[in-house]
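The values are calculated or read from the model by the stated rules, or taken from the named source; none is laboratory data. What you are looking at is a predicted structure, and each value in this text was computed from that prediction instead of being measured. Every residue, glycine as well, gets a Cβ built from its backbone with ideal geometry; the counts of neighbours run over all protein chains shown. These area figures cover heavy atoms from the full protein model, side chains too; ligands, DNA and RNA do not enter into them. Shrake-Rupley method; radii C 1.70, N 1.55, O 1.52, S 1.80 Å.
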Amino acid sequence: MSVSSFAPETEARFALARQVADAVLFEGSPLHPYRASAARNGLRRQFGVLVPPAWNAADDEHDFQHTECLMEPGTGATLAVELRFLRARRPVPRRARSEGGSQTAPERGPGGESPAAPAGGTEERVEAVVAVDRLAEGDGITIPFVRPAGEESEPIRDEGGRVVGHRIFRHEEIGGVLRLAARRIEGPYRLMRLTAVVENTSAWTPEENGNADRDAALRHSLVATHLLIGLSAGSFLSMTEPPEWARGVSAACRNLHTWPVLAGEPGRADVVLSSPVILGDHPVVGPHTRRTALEATDIDAVLALADSAPPEWREPGDGTGSGPAPDRVVVNGRHVVAGCRVLLNPGLRRTDAQDFFLRGRTATVEAVLNDVDGSVHLAVTVDDDPGAEIRRDQGVFLYFRPDEVTPLEDDA
């Protein structure tokens with residue numbers, strides 16, 4: 001894991017926003033049940049995947065994110081920016097070593113741990129601290145970054161805790177660029193539009209792998225890509241609920257494949273989290289989450305959003321960043337809206353064992369939602385779940401795609 005080099009005061013301001021990003025993006029907690037898209041179950045499907053420019057096999061994946069938000073910086077203010085993402089890795093077959101020489105790694109570790117556990121990803125960070133006035137000069141600044149190919153290892157321990165071998169993981173080379181610029185907005189206020197663009201510039205092409213294989217492209221992708229942005233002096237404006245005088249300027253901001261919200265402690269406005277999952281302002285990690293989201297073994301209901309509402313997933317790709325969530329979707333020729341009952345049929349796309357426990361059960365649709373790339377999801381509660389009312393009150397739902405449900409005939 002990359003270690004931050006920011007000053008202690010910046011670290012303190014970013015701490016809460018990092019917890020939320022870890023929970024939502026690195027663990028994939030808004031999607032229940034735990035699907036193969038969650039980071040701990042692999043990286044097949046995730047939020048915020050920035051693919052290599054040459055990979056264009058999927059219309060719902062992109063090689064860039066474009067963030068715009070409004071700020072009122074104080075005199076002499078500096079901007080601290082932290083780009084965070086996961087870098088996919090793959091296991092490398094290798095024999096484990098012991099005191100007696102080379103041996104094959106055991107099939108199971110303590111507690112049934114498997115040496116062939118999902119490869120997952122490694123956190124990477126790109127940091128910058130720059131004067132706001134510098135961002136307003138010319139085209140701003142451009143920060144290229146490269147992560148070379150390499151390997152890393154993790155110990156395998158036996159029941160007694162003795163190291164009997166190592167898992168070896170391989171990283172492929174990955175490259176990108178972070179562009180930052182700011183422009184003054186004419187008017188009576190010291191208002192500026194901040195633009196932050198993240199691009200994957202990796203030179204990998206499908207031909208290098210011999211075919212158009214997404215797993216190969218994923219190893220050259222930025223996964224769960226998001227930005228933390230902090231002002232040393234001054235404040236950001238809410239993009240979700242801007243003040244009346246700034247609504248027109250806010251609506252003109254372009255947010256593509258990401259969405260900026262106020263983060264950090266409620267009541268403060270000096271930190272923004274730009275995330276590929278649209279959250280409300282000041283999201284926090286629930287108090288029941290053990291340690292951090294990355295360490296937790298149970299991430300049900302890990303998020304407690306401001307005002308206790310469930311997350312509103314909207315599509316900002318129209319350039320306004322404020323389009324409403326859809327209220328219905330057509331499934332098998334029938335309109336499905338909140339209140340409809342459906343039959344669950346997971347397994348048509350990559351899923352895991354917990355999905356199959358829900359196959360054939362009925363559920364009630366609580367909302368029809370979009371993610372930032374326009375994919376439709378149905379938020380549901382399972383009808384025979386004894387905790388359904390509690391989940392409904394807390395805004396904690398299960399999420400399925402329209403092709404994973406069948407509308408029941410008893411609904412109009």
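When Thr195, Thr142 are compared by accessible surface with a 1.4 Å probe, the order from highest to lowest is Thr142, Thr195.
Once the 1.4 Å probe is applied to the protein heavy atoms, region 122-161 comes out at 54 Å² accessible per residue.
Simple spin-label estimate for Thr205 and Val92 gives 2.7 nm between the two label positions (7 Å along the Cα-to-Cβ direction from each Cα). Accessible surface comparison of Arg170, Arg147, Arg268, probe 1.4 Å, protein chains only, largest first: the order is Arg268, Arg170, Arg147. Between Ala131 and Val177, the contour length at 0.36 nm per residue exceeds the alpha carbon distance by 14.7 nm.
Gain on full extension, evaluated as 0.36 nm per residue between Asp215 and Asn345 minus their Cα-Cα distance, stands at 44.2 nm. Per-residue extension of 0.36 nm, minus the Cα-Cα distance of Thr406 and Glu152, leaves a gain of 87.0 nm for this segment. Given a 1.4 Å probe and the protein chains as shown, Arg184 ends up with an accessible area of around 130 Å².
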